């Protein structure tokens with residue numbers, strides 16, 4: 001999971017590049033897509049730092065990573081559902097949303113559950 005969260009961090013760090021190449025891409029927070037390179041630099045950087053800290057915390061099995069995991073596990077499904085309801089250009093298919101929801105919730109909630117279950121191993 002550490003590697004996957006590090007890849008997600010890299011993806012967030014590059015949101016401004018993604019947006020500059022294709023205006024349909026970029027950072028989405030609570031269903032709202034960031035518009036503009038500057039907004040994606042700041043937002044992507046902040047989310048990238050969060051995910052990088054999360055990855056480092058998992059790798060080192062630190063106790064401070066558990067709250068990050070819980071917040072992220074709650075954020076991911078809310079963000080995805082809000083994006084689906086608010087995004088209309090073009091609207092994602094139900095199949096895409098369902099597939100992405102299974103993967104993202106499995107990764108975010110699964111990691112949080114693993115860390116919570118193994119909290120005695122966190123230092």
**Asked** Once both axes come from the Cα atoms, what is the angle between helix 94-117 and the longest principal axis of the chain, in degrees from 0 to 90, rounded to 10?
**Response** 20
**Fill in**
region 2-121: relative contact order from alpha carbon pairs under 8 Å, six or more residues apart, as a whole percent, is 27
**Asked** Roughly what angle does helix 65-86 make with the longest principal axis of the chain, taking Cα atoms, 0 to 90 degrees, to the nearest 10?
**Response** 20
**Asked** For the chain, max minus min Cα coordinate along each principal axis, in Å, sorted largest first?
**Response** 46, 30, 18
**Inter-label distance for residue 20 and residue 59, nm, one decimal - labels placed 7 Å from Cα along Cα-to-Cβ** = 2.7
**Item:** Nearest-0.05 FRET efficiency for residue 46 and residue 96, computed from C-beta distance (R0 35 Å)
**Value:** 0.85
**Complete:** Nearest 10, in degrees from 0 to 90: the angle of helix 2-13 to the longest Cα principal axis of the chain is 30
**Item:** Packing rank of 90-100, 48-58, where each peptide gets the mean count of other beta carbons within 10 Å, highest leading
**Value:** 48-58, 90-100
**Item:** residue 105 versus residue 119: modelled label distance in nm, points set 7 Å from Cα along the beta carbon direction
**Value:** 2.3
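Where a number appears in this text, it was derived from the coordinates with a stated rule and is not lab data. Here the structure is a predicted model, which is why all the values come from computation and not from measurement. In this analysis, Cβ positions are derived from the backbone assuming ideal geometry, glycine residues included, and neighbour counts consider all displayed protein chains.
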